[in-house]
Amino acid sequence: MEVWFLLDASILAIISKPTLAVIFQPSPWQLSHATFNGDETASETMGAACGYGNLFVNGYGTDTVALSSTLFDNGYACGSCYQIKCYQSKWCFSGVPFTTVTATNLCPPNWSQDSNNGGWCNPPRVHFDMSKPAFMKIAQWKAGIVPVMYRRVPCIRSGGLRFYFQGNAYWLLVYVMNVGGGGDITQMWVKGSKTGWISMSHNWGASYQAFATPGSQSLSFKIISYSTKETIIAWNVAPANWAVGLTYKTNVNFH
Ligand SMILES: *[C@@H]1O[C@H](CO)[C@@H](O)[C@H](O)[C@H]1NC(C)=O
């Protein structure tokens, strides 16, 4: 019996998927500087510019960083991951190779300060304003600012993509969280069970919006990784009785 003729295109697509999987590759190490913000609890980093809300509940913890606008890229860098190591300073802890942080915030420019004396986040500077707990893993906090080596690395996330819903009957605002691999996304669509794919536009941080909200329909999402351009479709993420204020979990992710 010729089994192959029984396989349709969608099954073949599933079978061939592993060979198409895209793995985010680390960038080369580069020189920069790091400061820290807040205190040991990192509580002030909650609800920051990426819009992840409570970082503990949403899986990011305290190892987070605010990026200068050069790196922040209008929020497209939200969710990206960096290894940061203290570099050639007496304040560096020896024996600590690096710490890994997730971008959850913007470090805004302050043009009333010199870019080389306090205005560390002024463009075109590449700067990392780390949470205090993350900074204290690589250097003494008394240093204030240290030279660092940094590189982009794949984000290691437990579980799948998460979609946090906000908005109303006419406007769906979705925060994409727990993104693995590049950690960042560039484009997104929503599909109701009775609609086609509806393009969503970037709102701010890690949020995307649609102005036609498919009510009383289960929702699926198609998203494209900013870094790797890989596309993932998360089918039936939310049931027909979906509601704003809730987070819907999936079992698919980037790597
Ligand atoms: C910018 O720097 C000035 C001078 O140090 C300071 O007074 C001010 O609070 C800073 N602004 C912000 C928004 O941090």
Listed residues N116, N110, N105, N74; which is more than 16 Å from the ligand (Cβ to nearest atom) and in the same structural domain as A48 (by TED's automatic domain parsing)? N74
Out of the residues in the stretch 122-155 meeting the condition of being within 16 Å of the ligand (Cβ to nearest atom) and more than 11 Å from A34 (Cβ to Cβ), tell me which one is surrounded by the most Cβ atoms within 10 Å (Cβ to Cβ). N122
H202 being within 16 Å of the ligand (Cβ to nearest atom) and under 22 Å from the mean Cα position of the chain (by Cα): no
Looking at (1) surrounded by fewer than 18 Cβ atoms within 10 Å (Cβ to Cβ); (2) in contact (Cβ under 8 Å) with a residue 60 or more places away in the chain; (3) among the hydroxyl-bearing types (S, T, Y), which is the only condition S199 fails? (2)
Contact list please: Cβ distance under 7 Å, first residue in the stretch 104-127 and among the small types (G, A, S), second residue within 10 Å of the ligand (Cβ to nearest atom), pairs at least six apart or on different chains. G119/P109; G119/N110; G119/W111; G119/Q113
Can you find a residue that is crowded, with 23+ Cβ neighbours inside 10 Å and either within 16 Å of the ligand (Cβ to nearest atom) or of a type in the set (K, R) (or both) anywhere in the stretch 46-66? yes
Which residues, counting only those in the stretch 203-217, are touching a strand residue (DSSP E or B) at 6+ places or on another chain (Cβ under 7 Å) and under 20 Å from N253 (Cβ atoms)? A206, S207, Y208
Hey, any hits in the stretch 122-129 for a residue that's of a type in the set (F, W, Y) and over 29 Å from N203 (Cα atoms)? no
Can you say whether N54 is assigned to a loop (DSSP other than H, G, I, E, B) and free of Cβ contacts under 8 Å to residues at least 12 places away in the same chain, as far as the supplied structure shows? yes
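The values are calculated or read from the model by the stated rules, or taken from the named source; none is laboratory data. What you are looking at is a predicted structure, and each value in this text was computed from that prediction instead of being measured. Here Cβ is always computed from backbone atoms with ideal geometry, including for glycine, and neighbour counts include all displayed protein chains.
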